[in-house]
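The values are calculated or read from the model by the stated rules, or taken from the named source; none is laboratory data. Model, not experiment: these values are computed from the prediction. Every residue, glycine as well, gets a Cβ built from its backbone with ideal geometry; the counts of neighbours run over all protein chains shown. Surface areas here come from the heavy atoms of the whole protein model, side chains and all, with no ligands, DNA or RNA. Shrake-Rupley method; radii C 1.70, N 1.55, O 1.52, S 1.80 Å.
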Amino acid sequence: MDKLNNGNGFIIRGAEVFDGEKMLGPRDVEITGGQVSGIHPPRGDEYYATVVEEALGRQLEVSAAAGRQVIDGRGKLLCPGFIDLHCHLRDPGQTWKEDIFSGSAAAAAGGFTTVVCMPNTDPPVDDPTVADYIHERARRAGRCRVLAAGCLSRGRDGTQLADLAGLYAAGVRVFSDDGSDTDDPGVFLNALEFLSMLSGTRVLVHAEVPKLARGVMHEGRASALLGHDGIHRLSEEIAGARAILSALSAGQPLQITHISSAGTLSLVRYGKEQARHAGRDGLITADTTFNHLLLTDEAIAQYGTLAKINPPLRTEEDRQALLAALVDGTLDALVTDHAPHTADEKAQELQYAPFGIAGFEVAFGLINRHLVGRATPAGPVTLECVLKLMTSAPADLLKPLATAEVPSLGVEALADFHPRVLAHSPGRIAEGTVADLVLIDVDRDWQVDPDKFVGKGRNTPFAGWDARGVVELTFLSGEIVHHL
Amino acid sequence: MSYRSLLSILDLTPGEVNQLLDAAASYLPRIEAGGFKDATLKGYSALLLFYEASTRTRSSFELAGKMLGMDTINIGAKGSSVEKGETVRDTALTLNAMHHNVVVMRHEAPDAVALFARYFDRAVLNAGSGRGQHPTQALLDALPLRQAGVLQRSKRIAIVGDLKHSRVMRSNLQLLTSFGLDVVLVAPPTLMPEGWEGLKPAYWAADPTGYGEVSWSTDFDRVLPGLDAVMMLRVQRERMGDAHITNTDEYSKLYGLSRRRLKLLPESAVILHPGPVNRGVEVGEDVFADPRCLINDQVTSGVALRSALLCWSCGKLEGTDGQA
């Protein structure tokens, strides 16, 4: 990788630039000192031509490009590195499935430069030492910014609060009991109220009522036919309603994550409306996964355990509602819920196999191939819309990280208080932004082959699926961290 | 040598079902006469792999196998390597390496038998998989129904009871509708699977033309007079504990085949129950005493059908009546 970098930075020549909001058209983008240092209209060949000059008595090869590595981006797409607010890196504790090195390499291969990893590790991220471990390992891996999400409750068991202030001091800004929900509504509300005094935090809610979610797939026609226990849609909707009402009451920013059901989208719209009335726009946000946009519960009959995820794939009506919600603004981000498992773990009965699909390396290619251009009642799914939900939109949800203030109350008193300023991924391309970038051969078709995955988890129902758009280069702070 | 597996009732065409029923019917008189002993499957082994309890299915398979000259071996979850955590896949690979000819398997997961069959090269017969399929039960039920003239287009059968948790219902419904029978499901909403419309042939049959219809009623009394057959299913007492039914007394009043309801059932109709029964809940002494009751015929049919099926699975069906 180093051989590609001569230390003088890069010029990416003539790529179509998506700046996080819109397509700018072809541009020459200069990268110096880890930042985007210039964006210019495409320049002619003469600019890049090498001229041999006589200087200081020696023959020198020089060009207007001034010694920088020139990468030909013509016909390709340059966009901000993708940001994934929901993934599982399995480290510490389940490193046979994935670890921070393999996971962040897989993320970079998929074009992701910032990922938020969920705290359902072993031990869980309910203590600042675990967050420190993840951040330090990710720094050493150097492929991707990894932000550890912290638990809401100690041990994710929903009875006591986790070390919320301590986690905050360790740089944690996203809090979640993901893997499950915080069952006790009193503990959950207390967590939200406590976090509301720590600025820049957002709670990510895996909305689930356990007693409505004892099954293994969506409870509907497909489960009725197959005889599998169902997970009722009310599991997510009731828990989603509780989460939204609690967030409105506590004034704590909260995101319903990996939404599977059309009914939950309606509840999110209600929550957003209430937040707007209260002058707290952005308090309630929502995301879904590419899996829920591509598949329905019928996939269980076809792909078996490889299509077993939680919350489950639901019906075609739900899928269509999610697609429309991408376009109409109900969804604020698109996530992978990258959830690696081994082949052995998935080669079991559906009820014993773990939930999850490995997603980093296929997410963009599948969305670009199968969803971009699709009509919805809210208008077509455009490439810009999808890219925004993978770049600037999630970046804005993490934005308080950029201006992380020292918490206003109490935390200074903690003995090991050491606020960590995490470099942030802006999700935008402009002069002066961090050069977290991805260059994509956006029209190139390929086929998903799990054996070629960089990550450890090969668990995907999408093997053999057509994809479009090859991630050629991923830059992290101006360094190439993935190339073909 | 060609082996065939039966994982789901959908693996069989109505023609193949009739072929199996013909063969089973030819065994019936010999079984009713006290059993037989021949050498059709001499040298073959049948491994009975039961992860769940069973009286009828297991013993009828074993009896059928022994009558056909097979070596039968019993393995339960208890006392086997399953207790040591051996997975279904590894169990299948192990038994495959022993070159068993037929594995008859029951398991609590709907997809476990199919999972096993992926790693086993010879015949696998599904003896009940979770709430998914119980194809041999549907076949053995079809034999007395055929003999009673009910297994034909436009006949009407009700399946009554805990349909949410019933593999018997799923296999029977698919077999019966494929023969053109209309199936009325009778259960309270709590014992119906959510999304029960997924049970209609339009949802699962490649071409549902000629299939019977599936409907749902909560009112047993109203359904009874129009029936040619009624199949009562057991309601487990545990269902009270998880709030699917109020109590067995009330359930019995609403959905039991009581003396009063027997009068609503046409004279020509027949009564089935796959067993085991909860006497006094869904059926009582009156049912067993009723001439329309075929419950014991079902059990005998089970031995005959499983004899035919073992031959079929080893490619020996032709020889079963000694004619071919």
Enumerate the calculated ³J(HN,Hα) couplings along segment A:293-300 in order (Karplus 6.51 cos²θ - 1.76 cosθ + 1.60, θ = phi - 60°), each rounded to whole Hz, writing x wherever the residue is Gly or Pro.
7, 9, 10, 10, 4, 5, 5, 4
Semi-axes of the protein assembly as shown's equivalent ellipsoid from the Cα gyration tensor, sqrt of 5 times each eigenvalue, largest first, rounded to whole Å?
60, 30, 23
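Using +1 on the beta carbon of Lys and Arg, -1 on that of Asp and Glu, and nothing else charged, what's the dipole of segment A:81-397 about the Cα centre, debye to 20? Each step should come with its number before you reach the end.
Details: 27 positive and 39 negative charges, 127 e Å.
Dipole of segment A:81-397, to the nearest 20 debye: 620 debye.
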In range of the label at residue A:452: residues from segment A:339-364 whose backbone nitrogen is under 14 Å from the point 7 Å along Cα→Cβ
A:361-363
In order through segment A:333-338: 3J(HN,Hα) via Karplus (6.51 cos²θ - 1.76 cosθ + 1.60), integer Hz, x for Gly, Pro:
7, 10, 10, 8, 6, 3
Beta bridge orientation in segment A:81-397: antiparallel %, DSSP, nearest 5
5
Put +1 on the Cβ of every Lys and Arg and -1 on every Asp and Glu Cβ in chain B; which of B:205, B:230, B:278 then has its Cα farthest towards the positive end of the dipole?
B:278
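Based on the mean of other beta carbon atoms within 10 Å per residue, what is the order of A:373-384, B:102-113, most packed first? Mind dumping the intermediate values first?
On the way: A:373-384: 14.2, B:102-113: 25.8.
Most protected by this proxy first, the peptides run B:102-113, A:373-384.
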In Hz, Karplus ³J(HN,Hα) per residue of segment B:265-273 (6.51, -1.76, 1.60; θ = phi - 60°; x = Gly, Pro)
7, x, 4, 7, 6, 10, 10, 10, 7
List the residue ranges in chain B for DSSP H helices whose C-alpha atoms run 18 angstrom or more along the long axis and whose Kyte-Doolittle average is 0.5 or above.
B:295-313
Enter the angle in degrees (range 0 to 90, nearest 10) between the Cα long axis of helix A:316-328 and the first principal axis of the Cα atoms of chain A, meaning the one along which they spread out most.
50
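Over 33 Å apart: what share of the alpha carbon pairs of chain B falls there, rounded to a whole percent? Show your work: numbers first, answer last.
Values: 12923 of 52326 pairs.
More than 33 Å apart: 25 percent of the Cα pairs in chain B.
Can you check how the C-alpha radius of gyration of segment A:236-353 compares to 2.2 N^0.38 Å, as a plain ratio?
1.16
Residues of A:228-237, mean number of Cβ from any other protein chain within 10 Å of their own Cβ, rounded to a whole number? Before the final figure, lay out the partial values.
Details: counts 7, 5, 4, 0, 1, 1, 0, 0, 0, 0.
Per residue, the average neighbour count from other chains is 2.
Using DSSP, restrict attention to beta bridges with both residues in the protein assembly as shown and report what percent are antiparallel, rounded to the nearest 5. Numbers along the way, then the final one.
On the way: 36 of 101 bridges.
So the antiparallel bridges in the protein assembly as shown amount to around 35 percent.
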For residue B:3, what accessible area in Å² do you get when you roll a 1.4 Å probe over the heavy atoms of the protein chains, rounding to the nearest 10?
60
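Highest mean first, what order results for A:143-156, A:173-186, B:288-301 on Cβ atoms within 10 Å? Show your work: numbers first, answer last.
On the way: A:143-156: 25.1, A:173-186: 22.1, B:288-301: 17.3.
Taking the mean over residues of other Cβ atoms within 10 Å, the ranking is A:143-156, A:173-186, B:288-301.
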When the dipole is taken about the Cα centre of chain B, and only Lys, Arg (+1) and Asp, Glu (-1) are charged at their Cβ, what size is it in debye, to the nearest 20?
320
Identify the trypsin sites (Lys or Arg not before Pro) of segment A:267-315 meeting these criteria: DSSP loop state and at most 16 other C-beta atoms within 10 Å of the C-beta.
A:280
Using only Cα atoms, tell me the angle between helix A:128-141 and the longest principal axis of chain A; keep it within 0 to 90° and round to the nearest 10.
30
Which three lengths, in whole Å and largest first, does segment B:149-293 cover when its Cα atoms are put on their principal axes?
42, 36, 25
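Evaluate the charge dipole of segment B:113-217 about its Cα centre and quote only its size in Debye, nearest 20, assuming +1 on the Cβ of each Lys and Arg and -1 on the Cβ of each Asp and Glu. Don't skip to the end; give the middle numbers.
Details: 11 positive and 8 negative charges, 42 e Å.
With only Lys, Arg, Asp and Glu charged at Cβ, the dipole is about 200 debye.
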Charge tally for neighbours of residue A:334 with beta carbon under 11 Å away, counting Lys, Arg as +1 and Asp, Glu as -1, is -3
Along each of its three principal axes, how wide is the spread of alpha-carbon positions in segment B:34-136, in whole angstrom units, largest first?
39, 28, 24
Apply 1/(1 + (r/R0)^6) to the Cβ-Cβ distance of residue B:268 and residue B:218, taking R0 = 25 Å, and write down the FRET efficiency to the nearest 0.05.
0.50
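Counting only DSSP beta bridges with both residues in segment B:149-293, what percent are antiparallel, rounded to the nearest 5? Intermediate results must be reported in sequence, preceding the final value.
Numbers: 0 of 18 bridges.
Rounded to the nearest five, the antiparallel share is 0 percent.
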Which one, A:40, A:457, A:333, projects farthest toward the positive side of the charge dipole computed for chain A from Cβ point charges (K/R +1, D/E -1)?
A:40
Give me a single rounded figure for A:32-39: the average over its residues of other chain Cβ atoms within 10 Å of their Cβ.
0
Signed unit charges on C-beta, dipole axis of segment A:81-397, positive-most listed residue A:372, A:176, A:106
A:372
Other protein chain Cβ atoms within 10 Å, averaged over every residue that makes up A:113-121:
0
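Calculate, for residue A:129 and residue A:22, the FRET efficiency according to 1/(1 + (r/R0)^6) with r their C-beta to C-beta distance and R0 45 Å; round to the nearest 0.05. Could the numbers behind the result be given before it?
On the way: r = 43 Å, r/R0 = 0.95.
Once the sixth-power term is evaluated, E becomes 0.60.
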How tilted is helix A:233-250 with respect to the longest principal axis of chain A? Cα atoms for both, answer in degrees (0 to 90, nearest 10).
80
Name the residue, out of B:15, B:65, B:149, whose mean-square fluctuation peaks in a Gaussian network model built on chain B with Cα pairs under 10 Å.
B:15
Could you please report the charge total around residue A:440, scoring K, R as +1 and D, E as -1 over all other residues with beta-carbon less than 9 angstrom from its beta-carbon?
0
Roughly how many nanometres apart are two label points built 7 Å out from the Cα toward the Cβ at residue B:197 and residue B:37?
5.8
For chain A, the Kirkwood Rh over every pair of distinct alpha carbons, in Å, works out to 22.9
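Where does the charge balance sit around residue A:121 when Lys and Arg score +1, Asp and Glu -1, over other residues with C-beta under 12 Å from its C-beta?
Working: positive: A:90, A:97, A:137, A:156; negative: A:91, A:98, A:99, A:122, A:126, A:127, A:178.
Residues near residue A:121 contribute -3 overall.
Take each of the peptides A:32-40, B:188-196, average the number of other beta-carbon atoms within 10 Å over its residues, and list them starting from the highest.
Values: A:32-40: 16.3, B:188-196: 18.3.
The packing order, highest mean first, is B:188-196, A:32-40.
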